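Reading through the structure tokens given below for one structure.
The values are calculated or read from the model by the stated rules, or taken from the named source; none is laboratory data. This one's a predicted model, so the numbers in the text were calculated from it and none came from an experiment. Here the Cβ is made from the backbone with ideal geometry for all residues, glycine too, and neighbour counts use every protein chain on show.
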Amino acid sequence: MNIKYTSLAFFVGILSIGHAEYQIGDSGAVAIGFEASVISTDNVNKDSTEDSDVITSVLPTLQYKSDAGAASIEAYVGQEFITYNDLSENDSEDFKSNVKITFPDELDGENFSLVIEGGYNEYTSARSNQGGQGGVVSTEEVDLSLNTSYYITEDITLRAAVEHLDKESLTTGFADLTTMTVPVAFYYEIDESLSAGVGYRSRSSKVGNQVTSAKADSDDDAFFVGIENQVSDIWGYELEVGVQDRNFDANGIADQDGVFASLLVNWQLSDMTELVGELSNEFGTTLANQSTEIKSVGVQLNHTFDDRLSASLGLSSAETEYTQANGARDDDRFSSFLTVDYKLMDGQWTLRGSVSHDDNDSTVAPANYQALSGGLSSIFIF
């Protein structure tokens, strides 16, 4: 590690000690915080070139929180500075922001809830995460969502949402992407631990005009039944299963259909240990003008050793079929990670060590890769 990164890592440690919070009457509080990390990886681009590097990230933030009045508000704004030790052409400064408003602040006596959330964010990520190969992709993203629940009767609940995401690509060879998702479901509470429901989800995906080939614009429909069951004090699950279809606007692109599935299982092995499992089958669209179907399964073990020390171990597998690419492509990816957290200053300051490994087997040679990464982070939690 050269002098530049040794000095920066030391500077990160000094930054992490600083924290200020200012109360604004009875309406809320403003806080200043920092997140910083140093990560070493043997495959920074997650492709067959296997370029290694050390990446340093510093994220100062200004945060606001209020739970006074009819609604609670959480908001932050910050600027992330990402620096590569060798591949300096990947350096970036990414703006971050988010606002979340929850109404009502307390549900006592209320028969509905509404959560409004949105933000403007800039991202820099490996091209392989967007269906490409080699280097990084820079995007500007605006997201806005409204999620509501309305209790029609004591036993029947209407759940609905509107989710809008607009991604603007700043990298040559990648397109803009706009998606609009509207799920609606009715759930019936059979007893205190068991609910069942039916639902429908509509989603529209539109690719920008930067592409020269047929655009993967599509409209999705999914119909599903759902079960939420807290089987016992130690384990429960949430299941949605049904059918989905995807219809493309462009001629000559074959429409798709398949199983819609989402499963979340929580198992409290002990007071200190939790096991979480997930399974899903979902359509998607990449910035490289590709439609995907992703089948994934994952498991995560969380253990708390004491008030300060905790750890998480995760394993996941995903099969991605690129159904509208420049030539056929199928990827099988296996990922694993381990994180260890140690809390200081009454939980406001967290030191984190992490290691992760990805193994991607693709029918496109440049997308075959393995990547091993390890890092140290310093995080404030307010």
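Computed quantities for the displayed model
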| quantity | calculated |
| --- | --- |
| Conditions (1) at pLDDT below 95; (2) closer than 23 Å to ILE379 by Cβ: number failed by LEU87 | (2) |
| Identity of the residue in region 341-375, closer than 23 Å to SER316 by Cβ, crowded, with 16+ Cβ neighbours inside 10 Å and hydrophobic (A, V, I, L, M, F, W, C), that ends up modelled with the highest pLDDT | ALA371 |
| Cβ pairs under 8 Å, 6+ apart, first in region 357-372 and over 8 Å from ARG333 (Cα atoms) and touching a residue at least 24 places away in the same chain (Cβ under 8 Å), second β-branched (Val, Ile, Thr) and part of a strand (DSSP E or B) | ALA371/THR41; LEU372/THR41; LEU372/VAL355 |
| Residue pairs meeting the criteria (Cβ under 6 Å; at least 6 apart or on separate chains; first in a strand (DSSP E or B), in region 240-259; second acidic (Asp, Glu) and modelled with pLDDT of 95 or more) | ASP245/ASP221; ARG246/ASP220; ASN247/ASP219; ASP257/ASP245 |
| Of all residues making up region 191-204, the number that are more than 17 Å from ARG159 (Cα to Cα) and either assigned to a loop (DSSP other than H, G, I, E, B) or β-branched (Val, Ile, Thr) (or both) | 2 |
| Residue, nearest to ASP331 (Cα to Cα), within region 39-54, restricted to residues that are at pLDDT 90 or above, surrounded by 17 or more Cβ atoms within 10 Å (Cβ to Cβ) and among the polar types (S, T, N, Q) | ASN43 |
| Number of positions in region 119-133 that are outside any strand (DSSP E or B), modelled with pLDDT of 60 or more and either under 15 Å from the mean Cα position of the chain (by Cα) or surrounded by fewer than 19 Cβ atoms within 10 Å (Cβ to Cβ) (or both) | 0 |
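Results for (1) in a strand (DSSP E or B); (2) buried (at least 16 other Cβ atoms within 10 Å of the Cβ), shown as yes or no for each residue.
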| residue | (1), (2) |
| --- | --- |
| GLU189 | yes, yes |
| LYS206 | yes, yes |
| ALA214 | no, no |
| ASP221 | yes, no |
| PHE224 | yes, yes |
| GLU228 | yes, yes |
| ASP233 | no, no |
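Yes/no matrix, rows are residues, columns are (1) in contact (Cβ under 8 Å) with a residue 40 or more places away in the chain; (2) within 21 Å of ARG201 (Cβ to Cβ); (3) of a type in the set (Gly, Ala, Ser); (4) exposed (fewer than 15 other Cβ atoms within 10 Å of the Cβ):
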{"residue": "ASP271", "(1), (2), (3), (4)": "no, no, no, yes"}
{"residue": "LEU279", "(1), (2), (3), (4)": "no, yes, no, no"}
{"residue": "GLY284", "(1), (2), (3), (4)": "no, yes, yes, no"}
{"residue": "ALA288", "(1), (2), (3), (4)": "yes, no, yes, no"}
{"residue": "VAL299", "(1), (2), (3), (4)": "no, no, no, no"}
{"residue": "THR304", "(1), (2), (3), (4)": "no, no, no, no"}
{"residue": "ALA328", "(1), (2), (3), (4)": "no, no, yes, yes"}
{"residue": "PHE334", "(1), (2), (3), (4)": "no, no, no, yes"}
